[in-house]
Structure formats: C-alpha cells, structure tokens
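Q: Structure provided below as structure tokens; questions to follow.
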C-alpha cells in the first residue's frame with residue numbers, strides 16, 4: 001500500500017528494512033538457492049512452524065488497534081479500501097477512524113477477511129471462528145463496516161481508481177485519482193494465506209484473471225499488483241509486530257511484505273522489488289519459448305521429452321516441464337524423462353525456459369503422449385477384497401495392475417460412519433516406505449485379527465482405529481483425492497456388506513468413486529481364503545479403447561469439457577468427497593458436456609461404456 005500523504009520522517013524506516021530479517025536466518029540456504037515451488041514450500045514450512053500463538057477472533061480487535069494504527073494519528077486505525085479524509089460526509093470511504101469506534105454499526109470499523117471467509121474451501125471458519133485460519137491476523141484488516149459489506153465475498157479483479165465492484169468482482173483501489181493504493185496489500189495477504197493454509201486458500205479462490213504458468217492455483221494479477229504497489233511502512237509495522245511473543249502476536253511474518261521479490265522467484269511474472277538486495281535486478285528479459293517439443297520412448301510409466309534449446313540475453317539456466325498443466329519436474333538440459341505415469345493414459349506436455357533472474361518464457365505448444373499398456377492395463381490402485389468379519393476381523397486388500405511399482409506413501413484409507421455425508425476419519429495411512437509391485441496386492445488388517453481369519457498381512461494397525469461395520473463406507477485416497485470406494489457416501493445405514501466378505505470381480509480393472517454391488521462377488525462372514533492374491537482380466541480390445549479416450553482441455557477455464565471416444569459414454573462427475581455433482585452422456589453426435597455449474601476445483605469423472613467404466617481427473621480453473 002502506497003500512502004501518498006506519508007511524511008519524510010518515515011524515510012529512515014523504509015531504508016532500514018532493506019536487509020534480511022533475523023526471522024529467516026535458519027533458511028538462508030533455501031532463500032539463496034531455491035526458486036519456484038520448492039521455494040514456496042520452504043517459506044510455507046517456515047510461516048506454519050512459527051505461527052506459535054493462535055489468536056481468537058476477539059483478540060483481533062486489540063491486535064488491529066496496534067498493527068493498523070494510522071501513522072498520522074495514533075488515536076485512529078487505517079481502513080483498508082478507504083481513501084478519503086472524512087470531509088465529504090460519506091463514512092464508507094474514510095481512510096481513518098477512531099480506534100474505539102469498532103463494532104458492527106454504521107460508522108464503525110470491523111474486521112475484514114481480505115481472503116474472504118466463504119471463498120476458502122472449506123470456509124475459513126470450518127475449524128471454528130475462534131482461531132486460525134478464521135482469525136489469522138495477517139489476513140484481517142480494519143475496514144469500514146459498510147465498505148466491508150460492499151466487498152462481501154467478491155473475488156479481487158482488475159480495475160482502476162478507488163475501491164468498488166468491478167465486472168462481477170471487487171477492485172481494492174489505487175492512487176490514480178488521488179486515492180490510496182491497496183493492491184499490493186491484497187496481493188501479499190492472498191499469497192501469505194495460500195502458503196499458510198495451502199489447498200484451503202488457493203490464490204485463485206480469492207482473485208480472478210490469467211492463470212499463472214508456473215502454478216495453476218496462482219493468478220498473475222496478484223503478481224502484477226505485488227510489483228506495482230510497493231510495501232508501505234504500515235505493512236512493515238504490522239509484520240514486525242507479529243514477529244514476536246505476546247497476547248496479540250502470532251509469531252510469524254508475511255514473507256512477501258519482507259521481500260516482494262520472493263513472489264517473482266516463485267511464480268515469475270512482473271519483477272517485484274528486492275528489498276533485501278540479494279537477488280539482483282538488472283535482467284528483465286525472458287528466454288525464448290522452447291520449440292519443437294517431441295515425445296519418444298513411451299513405456300507404461302515413462303515418456304521421454306526433447307525440445308530445441310532456448311536463447312536468452314544472459315543464459316538459460318533450466319526448463320520447467322508441465323504435465324496436464326501442472327509442474328511435474330525441472331531439467332537443466334533440453335531433454336527429460338517424465339516418470340511415474342499411468343499405463344494406457346494420454347498426457348499433455350509443455351515446457352518453459354527460465355534464466356538466473358527467474359525470468360520465464362511462455363509455455364511451449366502442447367504435445368500429447370500416451371503411455372503403453374502395462375501387463376494388465378489398469379490405471380490406478382483399487383480395492384480388491386473387503387472382509388467385515390466378527391469382532392476385530394477387519395481386512396482390506398488393494399491391488400496394483402498399473403504396469404509399474406507404486407509408492408504407497410501418498411495413499412490413505414478413510415471411513416464414513418453409518419454412511420454419513422462426509423469422511424469422518426482416516427483409519428489407515430500407508431507407511432512412508434510402503435510399495436506394491438505390479439500384479440501384486442497389499443493387505444492391511446486390524447492388528448487383533450483372529451481365527452478363522454488368521455492371516456499374514458503386509459501391515460496391520462490398532463484395533464481401535466482399523467474398524468468398520470457393514471454400513472460404514474471405506475474410501476481409498478491418493479493425495480487426499482478419492483479414487484475408489486466400498487459403500488455409498490451419504491447413503492445412511494444401508495448395511496451394504498454387514499458380516500460379509502466382498503471380492504472384486506475379475507472383470508473389474510479400474511477403481512470407481514461410486515459403489516456398485518454388482519462389481520463384487522459375495523462370500524460368507526470371516527471368509528479370508530482369497531486374501532493375498534487377486535485375478536484381473538482385461539481384453540486387448542478394451543485396453544485399446546481406454547487409451548483412446550481423451551478429455552480436453554484439461555485444466556479448463558471454460559464452460560465446456562470435450563470428451564472423445566469411439567463408444568457412447570454415460571458421464572458422472574464427482575467432487576473430491578465422492579459426491580455426484582453432474583451427469584451427462586457422450587455420443588458420436590455429442591462430444592462435450594456443460595460444466596458451467598461447477599465451481600473451480602478438481603473433479604473425478606466416471607466414464608461408463610458397454611463393458612465397464614473408467615475414472616479420470618480434470619481441473620476447472
């Protein structure tokens with residue numbers, strides 16, 4: 001925020017902050033060697049670990065009276081989105097107000113969630129309104145009650161002049177008409193919330209505009225605002241106050257206030273100020289776009305990429321590789337092998353070049369590559385057996401037919417008690433070192449499993465944790481995304497498998513986020529005779545058909561999703577909790593579905609055809 005009326009006595013303060021704060025002394029190496037997402041992760045770890053004091057929402061009143069103090073009047077607080085001295089009779093646009101005029105009435109100031117409460121997913125108050133993230137002091141700013149209400153939960157959007165609604169969004173205001181520039185404040189707060197709370201507070205939830213090429217969850221408009229509106233002494237004072245211990249101090253800082261250049265190092269874009277003076281600022285020219293990207297040497301889990309070398313006025317230092325719009329890895333040369341792919345799956349690849357100043361080219365033209373079929377042709381892990389036996393005889397088996405060994409460290413199993421509308425608890429997290437080879441199974445059981453289910457599982461866990469009844473759906477999750485389920489979420493006490501053993505039929509070769517009892521063979525209670533192995537049959541014809549299905553563009557920021565296939569398809573779209581949010585059909589005469597009703601986020605799409613079904617993922621931006 002640039003205050004046009006700040007007097008010259010603040011010059012010394014502005015100069016004094018041009019040095020790295022002691023707060024960062026333990027991550028000096030990361031700050032000087034990392035860029036991109038690794039730097040983002042390092043800073044996120046820092047601010048999470050130092051958030052030592054969880055303030056209550058009522059504490060924010062007292063904190064704001066200190067941190068939001070008007071530098072020209074110590075009895076007042078500055079009001080975000082305001083710009084006027086109070087002489088025009090319109091209290092909603094005031095820049096300053098008495099500290100004691102806080103509350104919920106006209107003429108009062110209250111606490112504005114700069115990252116709007118309801119734009120987070122889940123809401124900021126999902127964990128209660130008496131602590132973070134709802135009561136994070138870096139996010140809450142003093143604001144006029146009515147102007148706060150005018151902002152409501154609008155996303156931030158481009159505009160000009162003073163704060164106002166703009167094109168279905170909210171523009172925070174700038175100094176072009178003699179007002180106050182709040183763009184940098186908003187940008188740096190949104191970036192902080194993204195780092196501090198991760199997927200709950202993705203930057204794109206709080207702002208609209210062009211999606212960033214490095215990170216599909218960042219919006220380039222925020223990077224532009226961060227560079228255009230320098231850090232004010234007011235922002236510095238807020239940051240310094242919370243870097244300490246005390247009743248109203250959080251203990252952590254906003255790194256983007258300390259050095260706006262950190263945002264450029266992570267996400268690229270407009271070169272922001274380097275307040276520490278350690279990154280250099282002379283090079284602003286981006287490398288040329290990589291040309292002639294090609295794919296080769298496709299296997300069931302890897303694809304080789306090659307492209308022409310880019311040029312730069314200084315030197316190209318590396319390339320970032322994107323798979324289906326997301327950063328997968330980086331390379332110092334003009335070739336790279338992408339690993340960890342799924343058999344019989346088509347991926348879209350792009351590459352960008354970057355230099356030492358982290359100037360980044362635009363992404364290359366996209367090229368598709370398709371992995372070959374694995375030995376069995378599956379696309380993900382899925383449940384192959386379920387034992388809901390007497391007492392503690394609870395067993396689950398997961399099968400791998402992906403064509404490659406799978407690292408299980410990102411997988412978890414959750415349950416929904418009595419078929420409720422949500423996943424209530426994680427009953428099993430796979431060990432960090434756990435793996436399952438192709439065409440093998442991984443068995444996990446209750447640690448107190450007993451006869452006639454005396455088995456030797458790959459792992460077991462406590463009897464009080466690994467529990468489920470025949471009306472408790474269980475879900476297999478990868479990176480917290482539901483990929484397979486037994487039972488129906490929000491289905492109530494349906495007793496779908498009470499005192500029963502279920503074995504997945506050999507004709508089923510892919511996971512499903514909807515439960516169909518017809519996909520399972522049913523056996524009597526405590527029948528564990530088939531535990532430890534599983535048979536899957538996949539025809540060559542079906543394997544070819546699955547590899548031909550394409551969903552594009554993915555990610556998409558439009559209202560239509562194209563699906564190409566050689567058979568008619570029934571379409572079901574689910575959110576990450578496994579709730580169905582859309583149904584449709586695809587045929588030779590209808591090759592797209594309308595997704596305008598869906599909010600931005602990650603979705604699972606089940607494509608059902610004559611002989612079975614397959615589940616894919618897509619992202620709506």
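Q: On the basis of being more than 28 Å from residue 63 (Cβ to Cβ) and either surrounded by 17 or more Cβ atoms within 10 Å (Cβ to Cβ) or assigned by TED's automatic domain parsing to the domain that holds residue 362 (or both), does residue 232 make the cut?
A: In short, no.
Q: Still on this structure, please answer the following. Here is a list: 485, 441, 508, 503. Which entry is in contact (Cβ under 8 Å) with a residue 60 or more places away in the chain and either touching a helix residue (DSSP H, G or I) at 6+ places or on another chain (Cβ under 8 Å) or on the phi > 0 side of the Ramachandran plot (or both)?
A: Exactly one residue qualifies, and that residue is 508.
Q: Another question, then. Of the conditions (1) surrounded by 13 or more Cβ atoms within 10 Å (Cβ to Cβ); (2) over 22 Å from residue 552 (Cβ atoms), residue 290 satisfies every one except a single condition; which number is it?
A: Checking residue 290 against (1) surrounded by 13 or more Cβ atoms within 10 Å (Cβ to Cβ); (2) over 22 Å from residue 552 (Cβ atoms), the one that fails is (2).
Q: Another question, then. Can you say whether residue 417 is on the phi < 0 side of the Ramachandran plot and either in contact with a strand residue (DSSP E or B) (Cβ under 7 Å, 6 or more places away or on another chain) or in the same structural domain as residue 342 (by TED's automatic domain parsing) (or both), as far as the supplied structure shows?
A: So residue 417 does not fit the description; no.
Q: Of the residues 248, 154, 205, which is under 28 Å from the mean Cα position of the chain (by Cα) and surrounded by fewer than 23 Cβ atoms within 10 Å (Cβ to Cβ)?
A: 154
Q: Checking the structure you have, find out if any residue of segment 104-120 is farther than 25 Å from residue 252 by Cα, out of contact with any strand residue (DSSP E or B) (no Cβ under 6 Å at 6 or more places or on another chain), surrounded by fewer than 21 Cβ atoms within 10 Å (Cβ to Cβ) and in contact (Cβ under 8 Å) with a residue 60 or more places away in the chain.
A: No, there is no match, as no residue in segment 104-120 is farther than 25 Å from residue 252 by Cα, out of contact with any strand residue (DSSP E or B) (no Cβ under 6 Å at 6 or more places or on another chain), surrounded by fewer than 21 Cβ atoms within 10 Å (Cβ to Cβ) and in contact (Cβ under 8 Å) with a residue 60 or more places away in the chain.
Q: Look through segment 81-94, keep the residues that are touching a residue at least 40 places away in the same chain (Cβ under 8 Å) and in contact with a strand residue (DSSP E or B) (Cβ under 8 Å, 6 or more places away or on another chain), and return whichever of them is farthest from residue 171 (Cα to Cα).
A: Looking at the filtered set, the residue picked out is 91.
Q: Would you check if residue 442 is surrounded by 17 or more Cβ atoms within 10 Å (Cβ to Cβ) and under 23 Å from the mean Cα position of the chain (by Cα)?
A: It is false that residue 442 is surrounded by 17 or more Cβ atoms within 10 Å (Cβ to Cβ) and under 23 Å from the mean Cα position of the chain (by Cα).
Q: If you don't mind, another one. Looking at 198, 149, 173, can you tell me which residue is part of a helix (DSSP H, G or I) and either without any contact (Cβ under 8 Å) to a residue 40 or more places away in the chain or buried (at least 22 other Cβ atoms within 10 Å of the Cβ) (or both)?
A: Exactly one of 198, 149, 173 is part of a helix (DSSP H, G or I) and either without any contact (Cβ under 8 Å) to a residue 40 or more places away in the chain or buried (at least 22 other Cβ atoms within 10 Å of the Cβ) (or both), namely 149.
Q: Of the residues 97, 141, which is buried (at least 22 other Cβ atoms within 10 Å of the Cβ), outside any loop (DSSP other than H, G, I, E, B) and free of Cβ contacts under 8 Å to residues at least 60 places away in the same chain?
A: None of the others qualify; the one that does is 97.
Q: Among 238, 253, which is the only one that is modelled with pLDDT of 90 or more, buried (at least 18 other Cβ atoms within 10 Å of the Cβ) and either outside the structural domain of residue 67 (by TED's automatic domain parsing) or within 22 Å of the chain's Cα centre (by Cα) (or both)?
A: 253
Q: Regarding residue 563, is this residue at negative phi, modelled with pLDDT of 85 or more and part of a strand (DSSP E or B)?
A: Answer is yes for this residue.
Q: List, please: which pairs have Cβ atoms under 7 Å, are six or more places apart or on different chains, and start with a residue in segment 449-466 that is within 18 Å of residue 432 (Cβ to Cβ) and end with one that is at pLDDT below 85 and part of a loop (DSSP other than H, G, I, E, B)?
A: Short answer, once both residue conditions are applied: none.
Q: Restricting to segment 472-500, and then to whatever is modelled with pLDDT of 90 or more and in a strand (DSSP E or B), can you tell me which residue is farthest from residue 388 (Cα to Cα)?
A: By that ranking, first place goes to 477.
Q: Also: Read through the list (1) over 26 Å from residue 96 (Cα atoms); (2) modelled with pLDDT of 95 or more; (3) buried (at least 19 other Cβ atoms within 10 Å of the Cβ), then give the number of the only condition that residue 50 fails.
A: That leaves (3) as the condition not met.
Q: In segment 70-82, what residues are modelled with pLDDT of 95 or more and surrounded by fewer than 22 Cβ atoms within 10 Å (Cβ to Cβ)?
A: Of everything in segment 70-82, just one residue is modelled with pLDDT of 95 or more and surrounded by fewer than 22 Cβ atoms within 10 Å (Cβ to Cβ), namely 75.
Q: If you don't mind, another one. For the subset of segment 571-589 comprising residues that are exposed (fewer than 15 other Cβ atoms within 10 Å of the Cβ) and modelled with pLDDT of 90 or more, which member is nearest to the chain's Cα centre (by Cα)?
A: For segment 571-589, the residue satisfying everything is 583.
The values are calculated or read from the model by the stated rules, or taken from the named source; none is laboratory data. This is a predicted model, so every value here is computed, not measured. Here the Cβ is made from the backbone with ideal geometry for all residues, glycine too, and neighbour counts use every protein chain on show.
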